[in-house]
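K.L.:
My questions all concern the structure below.
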Ligand code: GUN
């Protein structure tokens, strides 16, 4: 079977093109969408993500500022900084890059972000609205997955979606989104995780597999049915010990999935670029509240 490659890069470019008119409307009212990103510590992948976010905002003429803090920064200090950002009109969106050092409690930090500036959609108020199918900030990566499916006209209605991974960032919210009664969703969704025995028992039955577990090449061709759609959210940096170089691998084994799946998001160039595009969109949404 010919496997269609679903390019998130292409979809993200269409998002940026479509967003220009919204930026112009805001500019006419002297509103420049602004994002504050907080990065605590020196986690390598987080630094790369944050740089990419800043670069994209700058290229679009939007305002973004990264606040880099030492990994020893106290929770109290972080809460003080967040309070200032909550009160500062320059910032329509606030993002605290995860993971945070272990002495900081994620939940306390996320809860202290003004829900109206929570462009990640991680605040319990926003997550609650998402679960109830009400308008809210939708977490960027799950929102990006849905946008790719829509762009390629892949309707989930009456399909069986199997999500592998239950993180608050991807697995949990995408399991909610895919099962909502709304256009392109309306799926029957199963969520598998580290407590699931024999995950392939479920993936073999899936019309759509969404992989968000962070385990390189976890899903093989033998684990899916012919014609399944595979959405690979994994971005795993794997070292080749012979050449001493790093390679980015997804959560599926591309060589065996290709030829068996009907569609596949590649790594890199699949869901990755969509996360940032959706962050831009959410920040613009936040700024539009001022209109
Ligand atoms: N770390 C990995 N993905 C994300 C994300 O989407 N938002 C934040 N804040 N941290 C992350």
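Every number here is computed from the coordinates shown, using simple stated rules; none is lab data. Bear in mind the structure is a predicted one, so any value in this text is a computation, not a measurement. Using ideal geometry, Cβ is built from the backbone for each residue, glycine included, and neighbour counts are taken over all protein chains shown.
K.L.:
Between helix 140-151 and the chain, what is the angle of the helix's C-alpha long axis to the longest principal axis, kept within 0 to 90° and rounded to the nearest 10?
P.N.:
Taking the Cα atoms of the chain, the angle to 140-151 is about 50 degrees.
K.L.:
Counting other beta carbons within 10 Å of each residue's own, what order do 3, 138, 245 fall into, fewest first?
P.N.:
245, 3, 138
K.L.:
Then there's this: Please list, by residue number, everything in the range 43-57 whose backbone N is under 13 Å from a paramagnetic label point 7 Å out along Cα→Cβ of residue 244.
P.N.:
Nothing falls inside the zone, counting backbone N under 13 Å.
K.L.:
What is the angle, in °, between the Cα long axis of helix 44-59 and the longest principal axis of the Cα atoms in the chain? Nearest 10 is fine, range 0 to 90.
P.N.:
70 degrees
K.L.:
Further question: How would 145, 229, 191 line up from fewest to most surrounding beta-carbon atoms within 10 angstrom?
P.N.:
191, 229, 145
K.L.:
By the gyration tensor of its Cα atoms, with a ≥ b ≥ c the square roots of the eigenvalues, what is the shape of the chain: rounded for a/c under 1.5, prolate for a/b over b/c, or oblate?
P.N.:
Prolate.
K.L.:
If you average the sequence gap of Cα pairs under 8 Å that are 6 or more apart and divide by the length of the chain, what percent do you get for the contact order?
P.N.:
Reported relative contact order: 23 percent.
K.L.:
Given a cut-off of under 8 Å on Cα pairs at least six residues apart, what relative contact order in percent is computed for the range 174-229?
P.N.:
This gives 27 percent for the range 174-229.
K.L.:
Just to confirm my numbers, what's the Cα centroid distance between the range 95-145 and the range 241-257 in Å?
P.N.:
What the calculation gives is 31 Å, centre to centre.
K.L.:
Continuing with this model, one more query. Can you tell me the length gained on complete extension of the stretch residue 167 to residue 134, counting 0.36 nm per residue apart and subtracting the Cα distance?
P.N.:
Extra length available between residue 167 and residue 134 comes to 9.8 nm.
K.L.:
Okay, next question. Once a ≥ b ≥ c are taken as the square roots of the eigenvalues of the Cα gyration tensor of the range 199-291, is the result rounded (a/c under 1.5), prolate (a/b larger than b/c) or oblate (a/b not larger than b/c)?
P.N.:
oblate
K.L.:
Quote the relative contact order of the range 160-291 in percent (integer), defining contacts as alpha-carbon pairs under 8 Å separated by 6+ residues.
P.N.:
20 percent
K.L.:
When 170, 161 are ordered from fewest to most other Cβ atoms inside 10 Å of their Cβ, what list results?
P.N.:
161, 170
K.L.:
If one computes the Cα centroid of the range 43-78 and of the range 1-26, what distance in Å separates the two points?
P.N.:
Cα centroid of the range 43-78 versus Cα centroid of the range 1-26: 23 Å apart.
K.L.:
In addition: Please work out the FRET efficiency for the pair residue 70 and residue 196, using the Cβ-Cβ distance as r and a Förster radius of 51 Å; give the result to the nearest 0.05.
P.N.:
Plugging the Cβ-Cβ distance into 1/(1 + (r/R0)^6) gives 0.85.
K.L.:
Given the rule -39500 (n - 2.57) for each run of at least 4 DSSP H residues, summed and divided by the residues of the chain, what is its mean residue ellipticity at 222 nm, to the nearest 500 deg cm²/dmol?
P.N.:
Value at 222 nm, helices only: -11500 deg cm²/dmol.
K.L.:
Still on this structure: Figure the gain on full extension for residue 152 and residue 103 (residue separation times 0.36 nm, minus the Cα-Cα span) and round it to one decimal in nm.
P.N.:
Here the answer is 13.4 nm.
K.L.:
Here's another thing I want to ask about it. Need one word for the range 1-124: rounded, prolate or oblate. Basis is the Cα gyration tensor (sqrt eigenvalues a ≥ b ≥ c); a/c below 1.5 gives rounded, then a/b vs b/c decides.
P.N.:
It comes out oblate by the Cα gyration axes.
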